[in-house]
Amino acid sequence: MADADHKKLATEAAGTTKERRITDARVVVTSPGRNFVTVIIETEGGVTGIGDATLNGRELAVASYLVEHVIPALIGRDAAQIEDIWQYLYRGAYWRRGPVTMSAIAAIDVALWDIKAKMAGMPLYQLLGGRSREGVLVYGHANGGDIEETVDAVGRYIDMGYKAIRAQSGVPGIKDAYGVGRGTMYYEPADNSLPSVTGWDTRKALNYVPRLFDKLRLTYGFDHHLLHDGHHRYTPQEAANLGKMLEPYQLFWLEDATPAENQEVFRLIRQHTVTPLAVGEVFNTIWDCKDLIEEQLIDYIRATLVHAGGITHLRRIADLASLYQIRTGCHGATDLSPASMGAALHFDTWVPNFGIQEYMRHSDATDEVFPHDYHFADGYLHCGETPGHGVTIDEALAKKYPYDPKQLPVARLADGTMWNW
Ligand code: EZ4
Ligand code: CO
């Protein structure tokens, strides 16, 4: 067979190039309970894909980046050329990396993978390499105003079937400590059009957090995985101290124990504690994780599809991590839309070095705007078998929920000094 014939056959098998031409891409900003930015890409053949571009508290920056700088360059391209489009958007920007750019790239990337999987007639995990596990282990967020309330909240998660639970408690003397919700099931920190001011006091937290886990293990035993988020509040030395104090309680991980702009600081924590360490929800490229992974300073990498360049980039991070027995633990708070969660579950179903997936339930209004085929059962999330990533958007319904400016809080110490929220 002549080369030209081979080419023709290959093209027909994957849909003709004309059918794959990107004819339209648009951004939907909607607020069904909280704000989400969604990219919708359409092809000449009528196949549509969606991707999440939500960056909590900075939504319109990403929306504008997409509308002004990315979408005009997409129209007319071949939707099947995911890698080339990724490289075009990353290298082509000249100003590389950063959460705004990488969230915009991620949304395009996930929408294109959605399209490719739909065209192939396969659920996305099949394109990535197929199923590696039956379900995706998730952890839920239990929290309360004090130890007693948090212990009760963990009990409710156990009753719902969760095998892994993150526990955060209010701390006496700290104003609006991180992680404490207003209701029993939902926690949303972006609560005001200008950042709310919360407090922080490391001495008080170091005195309280180990007592929380002591009570949790006394009450429920050691069968469940327990997690805790330090949310960047501790210095490396304080984090090492906290890790040591938590050792008797056998945590699944201690997350974001200290800020990681300087990756080397994790060395000090690592030298002093065997409490497993997780970091990376604010990372946006493989360069943010490189030293942490290569020097085996962490156990779980929390980079997530939406903020770290989509499937094309996150699988590179996961592959690098796999060389060092570091596993994934993707961020999955409510500020990641169901489109992110759906795509993440396909990624998690495939990725060989999977660890755990964060899962905060969305409100009913959010679930209605983003119909999806994943479901929770017995502590695991399961992606569906619909071709693509299995999440769509009801654009008419989305219009009923206009953008609602909200930002994340800030944190200050007792004397007024700005701290890390
Ligand atoms: O504060 O996603 O582990 N989860 C977290 C989240 C983050 C929010 C910020 O938008 O730390 O709750
Ligand atoms: Co976190």
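The values are calculated or read from the model by the stated rules, or taken from the named source; none is laboratory data. Computed from a prediction, not measured in an experiment: that's the story for all the values here. Positions of Cβ are generated from backbone atoms using ideal geometry, with glycine treated the same way; all protein chains shown enter the neighbour counts. Protein only, heavy atoms only, side chains kept; ligands, DNA and RNA dropped before computing areas. Shrake-Rupley method; radii C 1.70, N 1.55, O 1.52, S 1.80 Å.
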Inter-part gap, Cα centre of the stretch 128-157 to Cα centre of the stretch 198-239, in whole angstrom, is 16 Å
Over its alpha-carbon atoms, the stretch 64-185 yields an Rg and a Dmax in Å of 21.4, 58
Only helices counted: for the chain, with every DSSP H run of 4 or more residues adding -39500 (n - 2.57) and the sum spread over all residues, [θ] at 222 nm is -11000 deg cm²/dmol
The long-range amide H neighbours of Asp201, using H built 1.01 Å from N in the peptide plane and a cut-off of under 5 Å, are none
Of all lysine pairs in the chain that are eight or more residues apart or on different chains, those with Cα atoms under 26 Å apart total 19
The answer for the stretch 3-124, accessible area per residue at 1.4 Å probe in Å², is 43 Å²
Taking 0.36 nm per residue of separation between Ser64 and Asp214 and subtracting their Cα-Cα distance, the length gained on full extension comes to 49.3 nm
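Of the heavy-atom accessible surface of the chain (probe 1.4 angstrom), what whole percent is carbon and sulfur?
Ligands and nucleic acids excluded, carbon and sulfur give 52 percent.
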Here, Asp291 and Val274, labelled 7 Å along Cα→Cβ, have an inter-label distance in nm of 2.7 nm
The answer for the per residue Cα convex hull volume of the stretch 3-124, in Å³, is 109 Å³
Of the convex hull enclosing the alpha-carbon atoms of the stretch 127-388, the direction-averaged projected area in nm² is 13.5 nm²
Site Asp146, offset 7 angstrom along Cα→Cβ, radius 12 Å on amide nitrogen, limited to the stretch 157-196, gives 170-173
Taking 171-181, 391-401, 324-334 and ranking on average Cβ neighbours within 10 Å, highest first, one gets 324-334, 171-181, 391-401
About its Cα centre, the chain carries a charge dipole, from +1 on Lys and Arg Cβ atoms and -1 on Asp and Glu Cβ atoms, whose size in debye to the nearest 20 is 480 debye
So, relative contact order of the chain in percent, Cα under 8 Å, 6 or more apart, is 22 percent
Computed from the beta carbon distance with a Förster radius of 41 Å, FRET efficiency for Asp176 and Thr16 to the nearest 0.05 stands at 0.15
With label points set 7 Å from each Cα along the Cα-to-Cβ direction at Thr417 and Asn207, the distance between them in nm comes to 1.8 nm
Interchain or sequence-distant (5+) residues whose placed amide H lies within less than 5 Å of the amide H of Trp253 are His228
Rounded to 0.05, the calculated FRET efficiency for the beta carbons of Phe222 and His382 at R₀ = 30 Å is 0.65
Extend 7 Å from the Cα of His375 along its Cα-to-C-beta direction; within the stretch 107-136, residues with backbone N under 16 Å of that point are 135-136
With the charge dipole of the stretch 62-155 built from beta-carbon charges (+1 for Lys and Arg, -1 for Asp and Glu) about the Cα centre, the Cα from Trp95, Ala73, Ile108 projecting farthest to the positive end belongs to Ala73
Quick calc, the stretch 3-124, dipole around Cα centre from Cβ unit charges on Lys, Arg (+) and Asp, Glu (-), nearest 20 debye, gives 300 debye
Packing-ranked peptide list from 26-39, 246-259, 338-351, highest mean Cβ count within 10 angstrom first, is 338-351, 26-39, 246-259
Result for the stretch 220-314: accessible area per residue, probe 1.4 angstrom, in square angstrom, of 35 Å²
Under 5 Å from the placed amide H of Asp24, counting only residues 5+ away or on other chains, we find Glu42
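Among DSSP beta bridges lying fully in the stretch 127-388, give the percent that are antiparallel, nearest 5.
Given both bridge residues lie in the stretch 127-388, the antiparallel proportion sits at roughly 20 percent.
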